[in-house]
Amino acid sequence: MLGTFSYTNPTKLYFGEDALDSLPRELARYGDRVLLAYGGGSIKKTGLYDEVRGILEAAGKEVFEVPGVMPNPTVEKLYAGCTVARDNDVDLILAVGGGSVVDYAKAVSVSAWCDEDPWEKYYARLEEPDNRIIPVGSVLTMTGTGSEMNGGSVITNRATKQKIGHVFGEEVFPKFAILNPRLTFTVPRYQMVAGIFDVMSHILEQYFSGDDDNTSDYLAEGLMRSLVHSSRIAAVDPEDYEARSNIMWTSAWALNTLIAKGKSTDWMVHMIGQAIGAYTDTTHGMTLSAISPAYYRLVMPYGLPKFARFATAVWDVDASGKTDEETAAEGLEHMEDWMRELGLVMNISELGVTDDMIDGIADGSFVMDGGYHVLDRDEIVAVLEASK
Ligand code: NZQ
Ligand code: ZN
């Protein structure tokens, strides 16, 4: 039975090939001082940087920059961005890039005017903001995280080997997001498929929980079917606009809080994935793909009816004459075949995880209790060992 909840999503989306035309309208809502945050240079190569600078200048904005936001943004980079934002008293942070840049912009937005150490307050202690928050807008260049339409912000502390996500409330969601699927055509194939699996994982983390009849699960199944279908087309032709549009749209809906409504949700794959990321600084989606098969095989017996439903509703497994165990196992095999087809990383060794890291990764994995089975430490180690 659905519990009680409230639902709102404050992010205004502009979707399509001309979405950037709406940027001036959004910029007009904020003051003149804009902090432009972007990554390691892809936007300069594609010409998007010049285009966005041109729009900002035409809008009469004074622009300050934080370039070089790295994948898995670090706490040191956060401190540096806070200094630029505070010293120049910026009115808006415009993130142009992938999830890392958008996550980073949210981190700076809550941290710039924080009078404590923002890592300690917002990431180590996961406290809610009680200081001035700088509004964030985004022009998304890579899909997967859903950061364009949620409050998530993941920061890595390499010194302490911690990668922690804070899911902030709606006051931290981007105020607007410009989604032009064409901007994703230049994403390297490795990142494209990692992003696709990130979307799948977000849906699975929410789907594999609860045993009630919940509209969210039907929505999740539809999103997964669309994702699998479009990913197969994009894998052959990354410039198929229809497929890339559907992936972009699915990505936003996979993690904008909608399909979590009325559900407890799991998130254990992400907790182990983040711990792997803290040790290896590898691509987020690949940390998830490397452990998902072992994780779901371990959890399947505890949520068998849902795994059997997953097999029939998402992978069209014919359940007639089969036990739930057989149907469910076939569903997972289909998922693994699809993952191999996309060329995802399927083991943690390929990510650089060595035996001496296993204990640290297990200790660094927050244990979640909303899925079908709460893992103990030995089981986390078992998932990691089976994923080598
Ligand atoms: O830095 P540049 O040069 O821009 O290159 C980036 C980067 O190397 C490149 N790229 C992005 N758009 C491109 C492009 N290259 C060519 N053409 C384009 N159009 O792709 C690389 C990866 O970018 P990144 O932003 O790191 O990827 P992603 O979007 O997967 O973000 C990953 C981060 O998001 C966090 C992850 O943990 C990780 O830190 N997550 C955020 C979540 C949220 N906010 O809710 C949830 C997720 O589960 C995830 O944890
Ligand atoms: Zn993710």
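Computed from the coordinates by the stated procedures, all read-outs in this text should not be read as laboratory data. Source: prediction; values computed, not measured. Note: ideal-geometry Cβ built from the backbone for every residue, glycine included; neighbour counts use all protein chains shown.
Classify the range 192-299 as rounded, prolate or oblate, taking a ≥ b ≥ c as the square roots of the eigenvalues of its Cα gyration tensor: rounded when a/c is under 1.5, otherwise prolate if a/b is larger than b/c and oblate if not. Taking the square roots of the gyration eigenvalues as a ≥ b ≥ c, the range 192-299 is oblate.
Order of ILE348, ILE361 from fewest to most other C-beta atoms within 10 Å?
Working: ILE348 29, ILE361 24.
Starting with the residue having the fewest Cβ neighbours, the order is ILE361, ILE348.
log10 I(q)/I(0), Debye, Cα-only the range 12-183, no solvent, q = 0.08, 0.12, 0.18 Å⁻¹? Treating every Cα as an identical point scatterer, log10 I(q)/I(0) equals -0.20, -0.47, -1.10.
Whole Å is fine, so just give me how far the alpha carbon centre of the range 56-112 lies from that of the range 345-360. With the range 56-112 and the range 345-360 each reduced to a Cα centre, they are spaced 32 Å. Remark: the chain carries a charge dipole of roughly 880 debye about the Cα centre, counting +1 on each Lys and Arg Cβ and -1 on each Asp and Glu Cβ.
Taking THR83, THR46, THR74 as the candidate residues, the one with maximal mean-square fluctuation in a Gaussian network model of the chain, Cα springs under 10 Å, is THR46. Calculated from the alpha-carbon coordinates, the chain shows an Rg and a Dmax of 20.5, 68 Å respectively.
Once both axes come from the Cα atoms, what is the angle between helix 48-58 and the longest principal axis of the chain, in degrees from 0 to 90, rounded to 10? The two axes meet at around 40 degrees. Remark on the range 1-57: Rg and Dmax equal 16.4, 52 Å (Cα only). Each part gets one Cα centre, and for the range 256-325 versus the range 128-168 those centres are 23 Å apart.
Rg/Rh for the range 280-370: what does it come to with C-alpha atoms and Rh from Kirkwood? Walk me through the numbers on the way to the answer.
Details: Rg = 15.2 Å, Rh = 14.6 Å.
Expressed as Rg/Rh, it is 1.04.
Seen against the Cα atoms of the chain and their longest principal axis, helix 99-111 is set at about 60 degrees. Close amide H contacts of THR74 (hydrogens built in the peptide plane, cut-off under 5 Å, sequence separation of 5 or more or a different chain): THR156.
Of all the options GLY169, GLY371, GLY39, the one that moves most in a Gaussian network model of the chain with Cα springs shorter than 10 angstrom is GLY169.
Each peptide in 11-18, 241-248 gets a packing score, the mean of other Cβ atoms within 10 Å over its residues, and the list from highest to lowest is 241-248, 11-18. With helices as the sole contributors, the chain gives -14500 deg cm²/dmol at 222 nm; each DSSP H run of n ≥ 4 counts as -39500 (n - 2.57), and the sum is divided by every residue.
Under 5 Å between amide hydrogens, built in the peptide plane, is the criterion, and for GLN162 it picks out ASN157 among residues at least 5 positions away or on other chains. Taking the 0 to 90 degree range and rounding to the nearest ten, how far is the long axis of helix 268-280 tilted relative to the main principal axis of the chain, both from C-alpha atoms? That works out to roughly 60 degrees. With coordinates expressed along the principal axes, the C-alpha atoms belonging to the range 189-386 extend over 43, 39, 32 Å, beginning with the largest.
Go ahead and run the numbers for FRET between ASP378 and ILE233, Cβ-Cβ distance against an R0 of 41 Å, rounding to 0.05.
Details: r = 42 Å, r/R0 = 1.01.
After rounding, the FRET efficiency stands at 0.50.
Ranked by Cβ crowding within 10 angstrom, fewest neighbours first, how are HIS229, HIS202, HIS166 ordered?
Numbers: HIS229 14, HIS202 30, HIS166 23.
The fewest-first ordering by Cβ neighbours comes to HIS229, HIS166, HIS202.
If contacts are Cα pairs under 8 angstrom and at least 6 residues apart, what is the relative contact order of the chain in percent? With pairs under 8 Å counted, the relative contact order is 16 percent.
The simple spin-label model puts a point 7 Å past each Cα toward its Cβ; for GLU128 and GLU65 those points are separated by 3.8 nm.
Among ASP103, ASP213, which comes first, then next, by fewest other beta-carbon atoms within 10 Å? Don't skip to the end; give the middle numbers.
Numbers: ASP103 23, ASP213 9.
Ascending Cβ contact count within 10 Å gives the list ASP213, ASP103.
Can you list the lysines whose alpha carbon sits under 25 Å from that of LYS77, skipping same-chain ones fewer than 8 residues off? Those lysines meeting the cut-off are LYS44, LYS45, LYS61, LYS106, LYS121, LYS161, LYS163, LYS175.
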